[in-house]
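A short write-up of the structure that comes next.
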Amino acid sequence: MNTAVEKFILKLSEINAVKFGKFTLKSGIISPFYIDLRDIVSYPEIVEMAVMLLIDKIKGLGFEVLTGIPYTALPLSAVISQKLNIPLIYIRKEEKSYGTAKNVIGRIAKNSKCLVIDDVITTGESKIETIDQLESEGVGVSDIVVIVDRSHDGAKYLAGKGYNLHSVVTAVEMAEVLFSHGKIGSELKNEVENFIKNMNTEGEDKAESAPVANKMTRDLLETIERKETNLVLSLDVENQKDFFEILDRTAPHIAMLKTHVDIISDYDADFPERLRERSEKYRFMVLEDRKFADIGNTVRMQYRGGIYKISGWSDFVTVHMIAGESILNGLFDGINDKSSFLLAAMSSKENLINQAYTRRVIDIGRANPSSVSGFIGFGENAEKISKLKKKIPAGFLLLMPGVGLEKGGDTLGQTYVPAGEAVRGGADMIIVGRGIYKSGDYSKNAGEYRSAAWNGYIDRIKNQCK
Ligand code: S5P
């Protein structure tokens, strides 16, 4: 153990920042020790020690701005900002609901990388909340540094979400130092060690409860494997003649057809049967992109009734979670051979979805594995897609729209990312509309998207195996 760290631990013990007894943590767990660094702000000598130890840990990490999570880490981060001459930003603790709805204080250059500083990590969950807020304001985060790591495996939990954790000292190391200086007995030291060893972090619980894919997801995965394609055709044309003509040319290349049935002006009762013939012949599944968003009772009627009776012919539907989890009950209560994709992130410019919303949607999906097969998501580049993908639990698929053969967009706010990049970044399937149905040669174009996406997929699998 580094002597500076040892001295620091003893100082913390002197000011009673480490307490032993029975303490209820935020999560409700009873802990045999408690680390409370709030008061160190009144001990300039200890602040200096903490700051120097933190600076030592962050040497060599690339970041252009730093932030301290209020309150404890905020004054420390201000000192570090001064010492390193690196700008500071911070997050308002209470959400601001008036004036400019800006919750991050300070000047942030778009896409700047920010180091997050905090006093203690217990589960990692609150770090993620902070990162969500930063990311939704365009600030990138890859590293977090804390003074004390008192978690069971917070570093692993954060790494799973794409962030590196650095810590000055662990709670077990603290207990060892205090024991070796006669400040605590061996019993207490062992109690701390055992407590941390057996602690179930929130992150861990979530990983353990990763569900097995539902039957509809398995059917879709089987189709992808068998046909060797992860292409979803978004056939947004306005009449049945064009619809079935383009479908007949492109169906051999696709694993799933995405419809916007309410665009088809001559929709009639024969449509579902004509569609079924093709889906059986060419073996693709059907996703009606209805983007349900209302209360449970209304979506139930929209899904099962009306002109289109979507539940009769579509394997999957898309759902916005804005109305809350009950929308899934409204849609799927009593139905077990259908499933959904939830809108977790969108491809349109300046849409209102932020990181916190995305995470909530993913949490709802995770809690409803029997009616959710995955998420519709978008990232502007491979790095952003990969970040999103890391948030999605095993057993759920990420479908990405806003895909072209090259980078670009349309005049109405759509953004396009190249197909290969989307899949290399982590998209399990790509959704392509105009790139195929507006092209002269539908079949050739569908084939091109298919190979770009499939090659990207194979590349990703190969890299994962390395
Ligand atoms: O964020 C989204 C979500 C969806 S489902 N962005 C999208 O573009 N979509 C849908 O994907 C959109 O409604 C359209 O049907 C398709 C993309 O079409 P394209 O012609 O731009 O490829």
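The values are calculated or read from the model by the stated rules, or taken from the named source; none is laboratory data. On a predicted model such as this, the values are computed, not experimentally measured, just so you know. Heads up, the Cβs are rebuilt from the backbone with ideal geometry, glycines too, and the neighbour counts pull from every protein chain shown. The accessibility values were calculated without ligands, DNA or RNA, using every heavy atom of the protein model including side chains. Shrake-Rupley method; radii C 1.70, N 1.55, O 1.52, S 1.80 Å.
Things to note:
- Take the range 338-466 with all the other protein chains still there, run a 1.4 Å probe, and you get 42 Å² of accessible area per residue.
- Its Cα gyration tensor gives the range 304-373 an equivalent ellipsoid; the semi-axes, largest first and in whole Å, are 23, 15, 10.
- Neighbours of residue 57, meaning other residues whose beta-carbon lies under 13 angstrom from its beta-carbon, give a summed charge of -3 when Lys and Arg score +1 and Asp and Glu score -1.
- Along the range 43-52 the Karplus relation, 6.51 cos²θ - 1.76 cosθ + 1.60 evaluated at θ = phi - 60°, assigns HN-Hα couplings of 10, x, 5, 6, 4, 4, 4, 4, 4, 5 Hz to successive residues, with x for each Gly and Pro.
- Each Lys or Arg adds one and each Asp or Glu subtracts one; over the other residues with Cβ under 15 Å from the Cβ of residue 307, this totals -2.
- Among the protein heavy atoms of the range 215-465, carbon and sulfur supply 49% of the accessible surface, probe 1.4 Å, non-protein parts ignored.
- Pairs from 110/391; 309/391; 197/391; 11/197; 59/93; 59/110 whose Cα-Cα separation, in the structure shown, is over 31 Å: 309/391
- Each peptide in 213-225, 120-132 was scored by the mean count of other Cβ atoms within 10 Å over its residues; highest first, the order is 120-132, 213-225.
- Per-residue [θ]222 nm for the chain (sum of -39500 (n - 2.57) over DSSP H runs n ≥ 4, rounded to 500): -13000 deg cm²/dmol
- Around the Cα centre of the range 215-465, unit charges on the Cβ atoms of Lys, Arg, Asp and Glu (plus for the first two, minus for the last two) sum to a dipole of about 820 debye.
- Relative protection proxy for 401-414, 237-250, from highest mean packing down: 237-250, 401-414 (other beta-carbon atoms within 10 angstrom).
- Couplings for the range 387-393, taken from phi via the Karplus curve 6.51 cos²θ - 1.76 cosθ + 1.60 with θ = phi - 60°, read 4, 5, 4, 5, 7, 8, x Hz in order; Gly and Pro are left as x.
- Summarising the overall dimensions of the range 3-198 from its C-alpha atoms, the Rg and Dmax are 17.0, 56 angstrom.
- The Rg/Rh ratio of the range 215-465, with Rg taken over Cα atoms and Rh as the Kirkwood radius over Cα pairs, comes to 0.93.
- Inter-centroid distance (Cα atoms) of the range 395-422 relative to the range 115-144, Å: 27 Å
- Helix axis angle, 355-367 relative to the chain longest principal axis, alpha carbon, degrees: 70 degrees
- Compactness ratio for the chain: Cα radius of gyration over 2.2 N^0.38 Å (N = residue count) comes to 1.14.
- Measuring nothing but how far apart in sequence close Cα pairs (under 8 Å, 6+ apart) lie, relative to its length, the chain scores a relative contact order of 11 percent.
- For the range 215-465, the antiparallel share of DSSP beta bridges with both residues in that region comes to about 5%.
- Net charge contributed by nearby residues that have their C-beta within less than 14 Å of residue 316 (K/R +1, D/E -1): 0
- Per-peptide average of other Cβ atoms within 10 Å, ordering 258-266, 37-45 highest first: 258-266, 37-45
- Helix 271-282 axis versus longest C-alpha principal axis of the chain: approximately 80°, rounded to the nearest ten.
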